[in-house]
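Engineer: This structure is in C-alpha cells; I'll ask about it shortly.
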Amino acid sequence: QVQLVESGGGLVQAGGSLRLSCAASGIGVSIYTLGWHRQSPGKQRELVASMTSGGSTNYVDSVKGRFTISRDNAKAMVYLQMNSLKPEDTAVYYCNCRGWGRDYWGQGTQVTVSS
C-alpha cells in the first residue's frame with residue numbers, strides 16, 4: 001500500500017532552520033503533485049508549499065522567501081527546507097501526494113518554534 005512517512009520535525013528557536021523529509025513508498029511519485037500542509041490547534045489545515053510533476057511551485061504567502069520545497073523522484077522523496085522560522089510556524093506538518101484522482105497523506109511531524 002501507499003505510505004508517506006515524514007521526518008525532521010522538532011523544537012527550534014525562532015530564526016532557526018529545519019529540513020523536513022517525506023519518504024513515499026508503494027507509489028511512483030514522478031507524476032504527482034507533492035506538497036506540505038500544516039495544522040496548528042484551532043486552525044484549519046493549510047497548504048504550505050507544493051510542487052507539480054513539472055516542477056512548478058506554489059507557496060503560501062507567509063512562508064515565501066523562507067521555505068523551499070524540493071523533490072527527488074528517483075528516491076520518491078519530497079523535502080521542505082524551512083529557514084528563519086517564526087513561532088507562528090509551529091504546527092504539525094503533513095506530507096501530501098495527489099493527482100489522477102488520488103490523494104495520500106502522511107501521519108505528520110511536529111514542528112515547534114520557540115520565541
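Engineer: Would you check if Val78 is open to solvent by 30 Å² or more (accessible area, probe 1.4 Å), within 14 Å of Tyr104 (Cα to Cα), part of a strand (DSSP E or B) and at pLDDT 95 or above?
Structural biologist: Details: open to solvent by 30 Å² or more (accessible area, probe 1.4 Å): no; within 14 Å of Tyr104 (Cα to Cα): yes; part of a strand (DSSP E or B): yes; at pLDDT 95 or above: yes.
Judged against the criteria, Val78 is not a match.
Engineer: Can I ask one more? Of all residues in region 1-36 being crowded, with 20+ Cβ neighbours inside 10 Å and more than 13 Å from the chain's Cα centre (by Cα), which is nearest to Asp72 (Cα to Cα)?
Structural biologist: Val29
Engineer: Can you tell me which of (1) open to solvent by 50 Å² or more (accessible area, probe 1.4 Å); (2) in contact (Cβ under 8 Å) with a residue 24 or more places away in the chain is the one Gly101 doesn't meet?
Structural biologist: (2) is the only condition that Gly101 fails.
Engineer: Let me ask something additional. Considering each residue of region 37-54, count those that are under 15 Å from the mean Cα position of the chain (by Cα) and part of a loop (DSSP other than H, G, I, E, B), and give that number. Don't jump to the end; show me each part of the working.
Structural biologist: As a first pass, look at region 37-54 and keep what is under 15 Å from the mean Cα position of the chain (by Cα): 37-40, 45-52.
Next, from what is left, pick out any that are part of a loop (DSSP other than H, G, I, E, B): 40, 45, 52.
The number of residues fulfilling the criteria is 3.
Engineer: Which number in (1) in a loop (DSSP other than H, G, I, E, B); (2) of a type outside the set (Lys, Arg); (3) open to solvent by 30 Å² or more (accessible area, probe 1.4 Å) marks the one condition that Leu85 misses?
Structural biologist: Leu85 satisfies every listed condition except (3).
Engineer: Separate question: Could you grab the pairs with beta carbons closer than 7 Å, sequence gap of 6+ or different chains, first residue in region 78-94 and among the small types (Gly, Ala, Ser), second one open to solvent by less than 40 Å² (accessible area, probe 1.4 Å) and modelled with pLDDT of 95 or more?
Structural biologist: Correct list of pairs: Ser84/Arg66; Ala91/Arg38; Ala91/Ser40; Ala91/Val111.
The values are calculated or read from the model by the stated rules, or taken from the named source; none is laboratory data. Quick caveat, the model's predicted, so the values are computed rather than measured. Positions of Cβ are backbone-derived with ideal geometry, glycine not excepted, and every protein chain shown enters the neighbour counts. When the accessible area is computed, the model is the full protein with side chains, heavy atoms only, and any ligands, DNA or RNA have been set aside. Shrake-Rupley method; radii C 1.70, N 1.55, O 1.52, S 1.80 Å.
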